[in-house]
Amino acid sequence: MIGVDLEQFTRDPYGSGIQRVLQFLALRWPTSVPAHFLMPDPDRDGVLIQLDPASAAAIVTIPFSGLPGDMDLRAEVLAAIRRTSAPRLSSASITDEYTNWLLPEVSYLPSVLERFEAARSSMRTAMIGYDALPMTEPANYRFKPGSAAWVSEYFRMLAVADSVVCISDYSRDVIRQRLRRPESALTTIAHPGGDHVAIRPGSPPQRTRFCRVGTMEERKYPVEILEGFVAAVERGLDAELVFVGRRSASKDAINKRIDSAIDAGYPITWVEDASDEHVSETINHSSVFLSFGIEGYGIPVLEAIRLGTPVVYDGIQPAAELMQGRGSMRVLGATTDQLTAMFEQVPAQLTEVRDQLEPDAVPTWQDFTEHVVQSVLDS
């Protein structure tokens, strides 16, 4: 029996890319492989609820269900957990109940990491490895005082788990090189899917619209994109730029710079709390999707291609690289000057890139999940 630890999700459910992975891991879990997806009982310390994959998927899907922006997602998730009649298990009993243990998300919670360490003593352990960005790009992350040791502990687990399934070649390489995971340890690659988005023909507006989706983290070049666009507009570009994503939590100067450009009257829109439906509509009605900087993977790139919108990218962009020539195009975009040139030159190339779109070629969640499950069994 496989135990899948989902405590981190219950503590902070907000519809992230990692939580999209959890959602489809549960939705596509093979019926032939027994597993419990475990969530803590909100009312009983040290007690875990043993959910079957379908029940877990229903709860993990809540943040993606188009709830009103002012809805308390954590309260909704906890209410759904309380309504379940699934069996309960003492956290101390996991070593008697399971033969394999999977940690499928990033977590710095002491309870999660202590449970994983306990599992290592008596069963085979596996993790999904997303990246080591808090180690390689520390300026983009702000941790609560006193949590640094647990952050370090999580990355230590990535080095010592029996099996790690990495979401990209980049993730595998950085986990091996930066975290010093042994070359001999079972470390494989499975690409998260994009087929949760239905294929649609693109519907770009007459006026060129550039769209960029994601939190305003420095490693994703939001200021460089903004300043490149502003410079191009000042040189005569007739286009608009749409940012979709939460404000930077680590560098407020990024937020202020974008706010300032909008207040100055540049054709820029910033949507901070968009539902899945709103994000899809925005991408589908854009001329081009931008993905610059450093990503561990980049699921939104796959979503854009499914929605009929060509992707322009540069930097470390594993998903975009997978789709190079099939809907994505690399351009130079490491500096503001290069991005200014991109804004000026890309509109004339969009027809060619749009003709290359292959939405059926994006990785699938079925393939991803089957690989993860097999890696857990092989660990």
> Non-local amide H neighbours of VAL288 (under 5 Å, H modeled in plane, Pro and chain starts lacking H): which ones?
Replying inline: ARG209, CYS211
> In what sequence do LYS256, LYS220, LYS251 fall when counting other Cβ within 10 Å, fewest first?
Replying inline: LYS256, LYS251, LYS220
>> How would region 215-311 be classified by its alpha-carbon gyration tensor: rounded, prolate or oblate, with rounded meaning a/c under 1.5 and the a/b versus b/c comparison settling the rest?
In response: oblate
>> Above 15 Å lies some portion of the pair distances; for region 26-75, what is it as a whole percent of all C-alpha pairs?
In response: 55
> So what is the calculated 222 nm ellipticity per residue for the chain, using -39500 (n - 2.57) for each DSSP H run with n of 4 or more, over all residues, to the nearest 500 deg cm²/dmol?
Replying inline: -11500 deg cm²/dmol
> For region 278-379, max minus min Cα coordinate along each principal axis, in Å, sorted largest first?
Replying inline: 51, 26, 26
>> Per residue of region 291-297, what does 6.51 cos²θ - 1.76 cosθ + 1.60 with θ = phi - 60° give for ³J(HN,Hα)? Whole Hz please, x for Gly and Pro, Karplus curve as stated.
In response: 9, 10, x, 10, 10, x, 8
> Can you list, bin by bin at 20 Å, the percent of alpha carbon pairs in the chain, starting at 0?
Replying inline: 28, 57, 15, 0
> Using alpha carbon coordinates only, what is the Rg to Rh ratio of region 144-219, with Rh defined as the Kirkwood radius?
Replying inline: 1.15
>> How much of the DSSP bridge set in the chain is antiparallel, in percent, rounded to the nearest 5?
In response: 15
> Could you give the alpha-carbon Rg of region 148-277 over 2.2 N^0.38 Å, rounded to two decimals?
Replying inline: 1.42
>> Strictly greater than 15 Å: what percent of every Cα pair in region 43-140 meets that?
In response: 72
> Highest mean first, what order results for 176-183, 319-326 on Cβ atoms within 10 Å?
Replying inline: 319-326, 176-183
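Rule-based calculations on the coordinates, nothing more; no lab input. Here the structure is a predicted model, which is why all the values come from computation and not from measurement. Every residue, glycine among them, receives a Cβ derived from its backbone with ideal geometry; neighbour counts consider all protein chains shown.
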